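Below: one structure, written as structure tokens.
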Amino acid sequence: MFDLIIDFLFPRFCIGCGKYGTDLCKKCYRELSIAEQICPECGIESSMGWTHPKCQKKIGMDGLIAIYDYQDKTIRGLIDGIKFDFNKGLIKAMLKYFRFETGIEFDFLVPIPLHYYRENWRGFNQAEEIARVIEKGMKVPTKRILIRERKTKQQSLMGSRKEREENIRGAFEIREEDKKLLLEKRVLLIDDVFTSGADMRECTRVLKKAGVEMVWGLALAH
Ligand SMILES: [Zn+2]
Ligand SMILES: [Zn+2]
């Protein structure tokens, strides 16, 4: 009954093909393009998403799991639906048949924080919502260890990689009460899209300086 009412008030249409009654139909789900795995430090293809040996740094990322290909129009539509329509159901729809077996035992999932004014306006951080879906499958707890400190310009308006990295430098801090939790821990950072990767690399830098041993990222798409 409840479903029926929701459907009546907000009719749902498949984001891929427009079919009535669902956010993502089975056919479109099967056709979603899976991402090629890349090295999170240089952005070039890398098997299983491991950071290339030549790109490894003490305070750099150890690897990245990117699930879908952001060039796929349906994927973009789904991610926009999560971000701008706050449709949490789309996260579940995208991850429905995934089993997260990573071979690495992570201690925490850590969502990349939004700046507080954006999160307040929406009351919704899509990275955290993604973590909440994944934590169930992985049986690893989500911890909001990071906070976003100062206002940064919209990344999409910035130019080179160097400019993006300078813009984001110092933007994240660790919650005081969580600092003691981090020594030799393994963290999986969660975000919706990995584009330049500047946010994830900066979060990694902050976490590793605080004693975290290993940092991987997981993004719905890149
Ligand atoms: Zn469809
Ligand atoms: Zn690399």
Give the percent of DSSP beta bridges with both residues in the chain that are antiparallel, rounded to the nearest 5.
30 percent
Once the other residues with Cβ under 10 Å from the Cβ of Phe100 are scored (Lys, Arg +1; Asp, Glu -1), what is the net sum?
+1
Could you work out the relative contact order of the range 23-221, using alpha carbon pairs under 8 angstrom and six or more residues apart, expressed as a whole percent?
25 percent
Using a Gaussian network for the chain with springs between C-alpha atoms less than 10 Å apart, which of these wobbles most: Gly43, Gly103, Gly60?
Gly103
At a 1.4 Å probe, what is the % contribution of carbon and sulfur to the accessible area of the range 23-221?
50 percent
Counting only GluC sites (Glu not before Pro) that are in a DSSP loop and have at most 10 other C-beta atoms within 10 Å, tell me the longest site-free stretch of the chain.
1-100
Computed, not fitted: 222 nm per-residue ellipticity of the chain from DSSP H runs ≥ 4 (each -39500 (n - 2.57)), nearest 500, equal to -9500 deg cm²/dmol
Ordered by residue, what ³J(HN,Hα) values in Hz, to whole numbers, does the range 42-56 give under the Karplus form 6.51 cos²θ - 1.76 cosθ + 1.60, where θ = phi - 60° and Gly and Pro are x?
10, x, 8, 3, 8, 5, 6, x, 5, 5, 4, x, 6, 9, 5
I'd like to know which of Ile130, Met94, Leu64 lies farthest towards the positive end of the charge dipole of the range 23-221, counting +1 on Cβ of Lys and Arg and -1 on Cβ of Asp and Glu.
Ile130
Anchor Lys92: lysines whose Cα lies under 21 Å away (excluding residues fewer than 8 positions away in-chain):
Lys19, Lys26, Lys27, Lys73, Lys83, Lys136, Lys139, Lys143
Would you mind getting the Kirkwood hydrodynamic radius of the range 23-221 from its Cα pairs, rounded to one decimal in Å?
17.1 Å
Go ahead and set up a Gaussian network model of the chain, Cα springs under 10 Å, then flag whichever of Ser47, Ser160, Ser33 fluctuates most.
Ser160
Amide H within-cut-off set for Tyr68, under 5 Å, with H built and near neighbours excluded:
Ala35, Ala221, His222
Size of charge dipole - the chain - debye, nearest 20, with Cβ of Lys, Arg +1 and Asp, Glu -1, no other charges:
180 debye
Using a Gaussian network model of the chain whose springs link C-alpha atoms within less than 10 Å, name the residue from Ile174, Ile147, Ile104 with the highest mean-square fluctuation.
Ile104
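The values are calculated or read from the model by the stated rules, or taken from the named source; none is laboratory data. Everything numeric in this text was worked out from a predicted model, so none of it was measured. Don't worry about glycine lacking a Cβ; one is built from the backbone with ideal geometry, like all the others, and counts go over all protein chains shown. Ligands, DNA and RNA are stripped out before the accessible areas are found, and what is left, the full protein with its side chains, is counted by its heavy atoms. Shrake-Rupley method; radii C 1.70, N 1.55, O 1.52, S 1.80 Å.
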